[in-house]
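J.: Can you read through this structure? Questions will come right after.
The values are calculated or read from the model by the stated rules, or taken from the named source; none is laboratory data. Source: prediction; values computed, not measured. Ideal geometry is used to build each Cβ from the backbone, glycine not excepted, and the neighbour counts take in all protein chains shown.
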Amino acid sequence: MRLIQFKLASGQRAVGVTGADGDDDTVRIVQSTESVLALAQAAIAAKHGLAQEIAKRGTQGTDSVKAILSEQRALPPVDHPDPAHWFVSGTGLTHLGSATTRDSMHHKISTDENTLTDSMKIFKWGVEGGKPASGEIGSQPEWFYKGSGSSVVAPGAALPWPSFAEDAGEEPEIAALYVIGPDRKPYRIGFALGNEYSDHVMEQRNYLYLAHSKLRYSSYGPELILGDFPEHVEGTTQILRDGKVLWEKPFLSGAQNMSHTLENLEFHHFKYEQFLEPGDLHVHFFGTATLSFADGIRTQLGDVFRISAPGFGAPLSNPIAALETRNAPGSVVQL
């Protein structure tokens with residue numbers, strides 16, 4: 001089952017079921033439901049799954065995925081009314097990449113660990129200890145913070161390029177969505193395509209700038225898939241310039257193509273008590289092994305990112321637009 005969150009022609013919020021009976025365009029509108037977050041919280045309270053909650057409410061009326069996207073009525077597939085309670089974070093160095101990349105990586109990490117860079121050490125630890133038996137603790141992945149929900153843009157909306165940024169690069173990933181229940185337990189809502197969007201030029205200058213490079217906007221959706229984490233995802237990333245494909249490349253994700261289990265990644269995020277506040281929403285990106293930056297591509301204003309993968313519904317598309325920095329040096333006000 002897939003869900004989409006959107007606005008009706010009237011402007012009212014709605015949640016719809018997509019992909020029913022093999023029909024990828026028809027959206028069946030869930031009755032008495034204005035947000036996936038509220039739907040998930042009701043399911044937690046009733047002690048059953050999202051599919052059961054949707055079946056209980058039923059659907060009435062339809063819309064169209066194509067119309068929702070073309071009319072820019074799509075919302076992030078899960079959002080929160082208060083951005084301060086909507087956390088965006090991620091993990092890196094989690095993907096094995098293509099067979100060629102995988103062979104290259106294994107060759108590098110087979111050398112003396114003392115000769116490896118910090119990045120390669122973390123990758124090596126993930127390959128060796130990222131998939132422990134269920135219930136056991138494996139090695140920690142790289143972890144980063146991207147911002148609050150105010151840094152999320154809707155599918156189809158522009159990803160801002162801040163005036164201080166040196167790059168605006170895509171990162172095609174799978175994002176998982178979680179809500180913290182009244183019992184302080186994380187409840188997984190589902191998965192969506194994501195563009196984790198980073199500043200690769202800044203990161204390349206010095207790896208200690210990684211934290212800065214990740215404090216950028218991001219987007220995920222437009223559809224949410226329910227159920228288990230996919231075993232194998234083979235998607236496509238494109239960059240369009242002036243309506244033509246400038247760059248295109250496949251990307252791999254899913255459990256088979258990662259050096260960490262989903263359980264291990266989730267444990268190392270939610271082991272922190274500050275991430276277990278009831279009602280909070282968490283968007284967690286799982287990393288990628290495919291970047292246009294690595295192929296020498298430098299994006300520019302007006303370029304459009306398009307990320308797609310079988311089983312995830314409609315592609316995630318976002319153009320790049322300029323964003324002037326709000327604060328200049330010396331703009332802090334003394335009280």
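J.: Suppose we filter Asp183, Asp295, Asp228, Asp280 for residues that are in contact with a His (Cβ under 6 Å, 6 or more places away or on another chain) and among the acidic types (Asp, Glu); which single one remains?
T.: Result of the check over Asp183, Asp295, Asp228, Asp280: Asp280.
J.: I want to confirm something. Restricting to segment 203-220 and keeping residues that are crowded, with 16+ Cβ neighbours inside 10 Å and small (Gly, Ala, Ser), which single residue is nearest to Pro315 (Cα to Cα)?
T.: Ser219
Here's the yes/no breakdown for (1) out of contact with any Leu (no Cβ under 6 Å at 6 or more places or on another chain); (2) touching a residue at least 24 places away in the same chain (Cβ under 8 Å); (3) among the acidic types (Asp, Glu):
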position: Thr115; (1), (2), (3): yes, no, no
position: Ser119; (1), (2), (3): yes, yes, no
position: Phe123; (1), (2), (3): no, yes, no
position: Trp143; (1), (2), (3): yes, yes, no
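J.: Now a separate question. Right, Gly330: farther than 23 Å from Ser148 by Cβ, among the small types (Gly, Ala, Ser), modelled with pLDDT under 95 and assigned to a loop (DSSP other than H, G, I, E, B) or not?
T.: When the stated conditions are applied, Gly330 passes them.
J.: List pairs: first residue in segment 211-238 and at positive phi, second residue hydrophobic (A, V, I, L, M, F, W, C) and part of a strand (DSSP E or B) anywhere in the structure, Cβ distance under 9 angstrom, at least six positions apart or on different chains.
T.: Filtered contacts from segment 211-238: Gly221/Ile4; Gly221/Ala74; Gly221/Ala175; Gly221/Ala192; Gly221/Leu193; Gly221/Leu316; Gly227/Phe191.
J.: Condition first: crowded, with 19+ Cβ neighbours inside 10 Å and small (Gly, Ala, Ser). Now tell me which residues in segment 166-201 satisfy that.
T.: Within segment 166-201, Ala168, Gly169, Ala175, Ala176, Gly190, Ala192, Gly194, Ser198 qualify.
J.: When you look at Thr33, is it over 22 Å from Leu316 (Cβ atoms), surrounded by fewer than 16 Cβ atoms within 10 Å (Cβ to Cβ) and of a type in the set (Ser, Thr, Tyr), yes or no?
T.: Against the criterion (over 22 Å from Leu316 (Cβ atoms), surrounded by fewer than 16 Cβ atoms within 10 Å (Cβ to Cβ) and of a type in the set (Ser, Thr, Tyr)), Thr33 does not qualify.
J.: So which pairs qualify, if the first residue must be in segment 311-323 and on the phi > 0 side of the Ramachandran plot, the second must be assigned to a strand (DSSP E or B) and of a type in the set (Val, Ile, Thr), the Cβ gap must be under 6 Å, and the two must be at least 6 apart or on different chains?
T.: Pairs that qualify, where the first residue is on the phi > 0 side of the Ramachandran plot and the partner is assigned to a strand (DSSP E or B) and of a type in the set (Val, Ile, Thr), are Gly313/Thr18.
J.: When Arg326 is evaluated against the numbered criteria (1) farther than 13 Å from Ile174 by Cα; (2) surrounded by 19 or more Cβ atoms within 10 Å (Cβ to Cβ), which criterion, by number, is the only one it fails?
T.: Single failed check for Arg326: (2).
J.: Same structure again: Considering only segment 248-283, state which residues are farther than 25 Å from Phe305 by Cβ and acidic (Asp, Glu).
T.: Result: Glu263, Glu266, Glu273, Glu277, Asp280.
J.: What's the number of the only condition in (1) surrounded by 13 or more Cβ atoms within 10 Å (Cβ to Cβ); (2) in contact (Cβ under 8 Å) with a residue 60 or more places away in the chain; (3) over 30 Å from Leu252 (Cβ atoms) that Ala84 fails to meet?
T.: Status for Ala84: all satisfied but (1).
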